[in-house]
Amino acid sequence: MEHLLQHVEQWKGDLEKWVRQLPPEQLYTALVVLLLTVTFLLLGRLFKGTKSNTIVLAGLSGSGKTVLFYQLRDGSPHQGTVTSMEPNEDWFILHSESEKKNKIKPVRVVDVPGHPRLRPKLDEFLPQAAGIVFVVDALDFLPNCRAVAEYLYDILTKTNVVNKKIPVLILCNKTDKVTAHSKEFIRKQLEKEIDKLRTSRTAVSTADVTNEVTLGIAGEAFAFVQCHNKVSVAEASGIKGEITQLEQFIREHVKP
Ligand SMILES: Nc1nc2c(ncn2[C@@H]2O[C@H](COP(=O)(O)OP(=O)(O)OP(=O)(O)O)[C@@H](O)[C@H]2O)c(=O)[nH]1
Ligand SMILES: [Mg+2]
């Protein structure tokens, strides 16, 4: 034991001598490099740990989010759903993937009710969101166009969505009905409506210095391709279980 202590003392002495010989600048640089490396390693760990695997379903009340949620999980629409009073959330393997159950990772799906009073709940889930599915009623679209565009505008300008570039899928639902509008029509109408909103909202907010994100390119008509995050459009019928494009979006952003 004493022998070992002696050795340690000697090493300490040697080390001190060696350090004293070093020019101080070199010593400081070494320390800074060491600190930076440790910080980066720790940060890397932290971000890896919070890797997002949540898909958030948002959209106006009645657009069909809850039916889609059950289709994704159980492969059936659970007909007779009423307007939701709180978010529906669950971890599951998509119903269509049930044969490969043991080999794939589950997805966390959250259905946030469209009622204006419950919409702020969305913010609780956005920090973990790998993707947002914005469900639009393609059947009853025109009378609600303004309201749909307002909600979508709010989502697209949220700092979380912009900074983390969360991909958004505009899902035109209820395509089982022949009178449903096409996704191209809905995309164009929404772009026009958001363009109008953009002008009116910036006009209102310039007075009281705003940190709100401005959408698109100033002086150009708004188009979803101008967004920093990816915005795409797709079609679905929750009732009929035609949800392949939705499932593709989910698996593109939450790897199985
Ligand atoms: N034709 C048709 N009707 C649908 C479809 N999906 C949903 N619906 C109907 O639309 C209505 C609303 O569906 P929900 O899933 O409850 O709507 P929601 O988006 O969850 O509404 P909130 O919970 O109020 O936000 C129900 O009457 C459904 O039967 C669809 O694909 N086709
Ligand atoms: Mg619902």
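Descriptive notes on the structure:
- Using the Cβ-Cβ distance between residue 240 and residue 128 with R0 set to 22 Å, the FRET efficiency works out to roughly 0.15.
- Charge dipole of region 2-48 (Cα centre as origin; +1 on each Lys and Arg Cβ, -1 on each Asp and Glu Cβ, all else neutral): 340 debye, rounded to the nearest 20.
- Kirkwood-type radius of region 80-137, with distances r between different C-alpha atoms, in Å: 13.3
- Förster-model FRET efficiency, 51 Å R0, residue 89 and residue 27, C-beta, rounded to 0.05: 0.45
- Mean Cβ count within 10 Å, highest first, over the residues of peptides 25-37, 216-228: 216-228, 25-37
- Among 82-91, 141-150, the order from most to least packed when residues are scored by Cβ within 10 Å on average: 141-150, 82-91
- Residue (of 36, 225, 85) at the positive-pole extreme of the chain, dipole from beta-carbon charges: 225
- Net charge dipole, the chain: roughly 320 debye, given to the nearest 20, about the Cα centre with Cβ charges of +1 for Lys and Arg and -1 for Asp and Glu.
- Solvent-free Debye scattering, log10 I(q)/I(0), computed from the Cα coordinates of the chain at q = 0.09, 0.14 Å⁻¹: -0.51, -0.96
- Here each label is just a point 7 Å from Cα along the line to Cβ, and for residue 18 and residue 217 those points are 5.9 nm apart.
- Cα-only radius of gyration and Dmax that characterise region 1-148, units Å: 28.5, 89
- Over 21 Å (Cα to Cα) - which of 65/165; 121/240; 165/255; 192/230 fall in this group: 65/165; 121/240
Only the coordinates and a few stated rules stand behind these numbers; no lab work does. Predicted model, so just to flag it, every value in this text is computed and none were measured. Every residue, glycine among them, receives a Cβ derived from its backbone with ideal geometry; neighbour counts consider all protein chains shown.
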